[in-house]
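The structure under discussion appears below in the form of structure tokens.
The values are calculated or read from the model by the stated rules, or taken from the named source; none is laboratory data. Values in this document were obtained by computation on a predicted structure and should not be read as measured data. So basically every Cβ, Gly included, is an ideal-geometry build from the backbone, and we count neighbours across all protein chains shown. Side chains are part of the model used for accessible areas, which takes the heavy atoms of the whole protein and leaves out ligands, DNA and RNA. Shrake-Rupley method; radii C 1.70, N 1.55, O 1.52, S 1.80 Å.
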Amino acid sequence: MEMYTDVLLVTANVGSLFDNMEHYGVLKEAWVGEIESDWMREFFGTVQSHKPRFIALHFQEVGGKDYMVNMGHAENFFCNIESNEEMRDFDRVCTYVDNHFKNVDSFTALGSMYFIHKSLKNIYQYDFNVKDFKAVSGQNKYVGSLDEVTTVEKEKFLKNFWPDFKWSRKGFMRTRWIIHNQGLDLVNVHLFHDASNLIACNASPSIYSDNRQKALRYVINRISDSSYTPLPFFLFGDFNFRLDTLSLVQNLSTSAVVQTVTKDSSNEVEKIICEQKDNDHKVLLHIETKMFAYLHQAVFTEDNGRAILKYDKEISAFQDVITEEDILFPPSYPYCEDYTKPTQYMNTRCPSWCDRILMSHTAQDIIHRRDEGASSVVYNTMGPNVCMGDHKPVFLSFALKTNGH
């Protein structure tokens, strides 16, 4: 008999929740408290609305940039989610937080939480050491290096992958589950960002895009290799996918005068300024290493950014192995961190769909789709109208086809 289990997958880069503690002077305590409580409220509201029986929460940049100072606060954040009254019907919880920053070679700052509803009976988790599934019970909390934890696989990308770039806490973490006889892999992923908007404009695809492609291909190969029986998989995290910046800039500036400003001492480009030919030569677009200021920001939000979705090309290299639900929400990054401007983007980066939930074709096959009319699959951002930090969390709610009694 075919059965269905309602599942909620959420990915959230929460670095700015912790970084903002240092940013705002007198305002910081109030703002950070507000942002964090709003974050929680939006998450619990999503749970109430979709009523899942299994929840997977994937976090990146736990502790933020200043993780040595903020890691204690990050642990409280996880505890507050777990102990909230809204989660009382989830009687089994598995938490994995890689906060062992002293081990530079393996620290990823990834955190994964899994909640199992009391009504869900047949659920098992894989032990990668004994290569077998075990029934899940109680609260299982692992905070630290995770190297000795056998129910999770974690890997930081090797330094020699990207010899020309600053090595950072990027990597992936995998858990493996059986829900009512349906096995699946859940993989928390954090890929490399664009260090400079100017370098991102140099080529199409950019050098950063090439690096991400290499990293993602590595992850897919790792979770599909012969070490363990391949299962349908969901990859969700901060992929740092960016729009094809060169093509986008060319398109945005077709009717503008483009000036390239170089540093006096060298030919190195310092800024690109596009001025409108008429309209008093108003600056249409201003790009620097960490600045991307476009006059008509609404293009990124109107109709959920559909006009620029064609520049979102990075996933297309993987059509052979992964797919995604249709994107019907605006770019998830970089939102303004000013608590009073929750729907505005910062002028630091070109807005893009960094936070994603991707899946193998076999995973797409086990998503139950209702007949014509109401869809049981929802792919969207959390907290569109409140400040959630610089990334809006992204979620996927669906009914998983499961067999059993």
Just the residues that are more than 22 Å from residue 232 (Cβ to Cβ) and open to solvent by 60 Å² or more (accessible area, probe 1.4 Å), please, taken from segment 303-321. 303, 304, 306, 307, 310, 313
Does at least one position in segment 3-21 carry a residue that is buried (at least 20 other Cβ atoms within 10 Å of the Cβ), modelled with pLDDT of 95 or more, under 17 Å from residue 81 (Cβ atoms) and in contact with a Ser or Thr (Cβ under 7 Å, 6 or more places away or on another chain)? yes
Say we look at segment 77-123 and pick out the residues that are open to solvent by 40 Å² or more (accessible area, probe 1.4 Å), part of a loop (DSSP other than H, G, I, E, B) and not charged (D, E, K, R); which of these is modelled with the lowest pLDDT? 104
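Looking at 220, 178, which one is within 20 Å of the chain's Cα centre (by Cα), more than 21 Å from residue 15 (Cα to Cα) and crowded, with 16+ Cβ neighbours inside 10 Å?
Details: 178 fails: within 20 Å of the chain's Cα centre (by Cα).
The match here is 220.
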Kindly indicate whether any position in segment 264-286 is open to solvent by 20 Å² or more (accessible area, probe 1.4 Å) and within 30 Å of residue 364 (Cβ to Cβ). no
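Of the residues in segment 295-317, how many are under 18 Å from residue 342 (Cα atoms) and not acidic (Asp, Glu)? Please lay out each step first, then the result.
Restricting attention to segment 295-317, the residues satisfying the condition of being under 18 Å from residue 342 (Cα atoms) are 296-305.
Pick out the ones that are also not acidic (Asp, Glu) and you get 296-301, 304-305.
Qualifying residue count, segment 295-317: 8.
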Could we say that residue 266 is under 30 Å from residue 184 (Cβ atoms), at pLDDT below 90 and either within 31 Å of the chain's Cα centre (by Cα) or not in a strand (DSSP E or B) (or both) here? no
Checked pairs for segment 69-88, first within 14 Å of residue 59 (Cβ to Cβ), second surrounded by fewer than 13 Cβ atoms within 10 Å (Cβ to Cβ), C-beta under 9 Å and 6 or more apart or across chains, list as 82/139
Just one of 307, 293, 399, 317 is touching a residue at least 12 places away in the same chain (Cβ under 8 Å) and outside any strand (DSSP E or B); which is it? 317
Residues that are of a type outside the set (Asp, Glu): which strands (runs of 3 or more DSSP E) entirely in segment 143-249 hold 3 or more of them? 171-179, 182-190, 233-238
Taking residue 170 as meeting all but one of (1) at pLDDT below 95; (2) open to solvent by 40 Å² or more (accessible area, probe 1.4 Å), write down the number of the exception. (2)
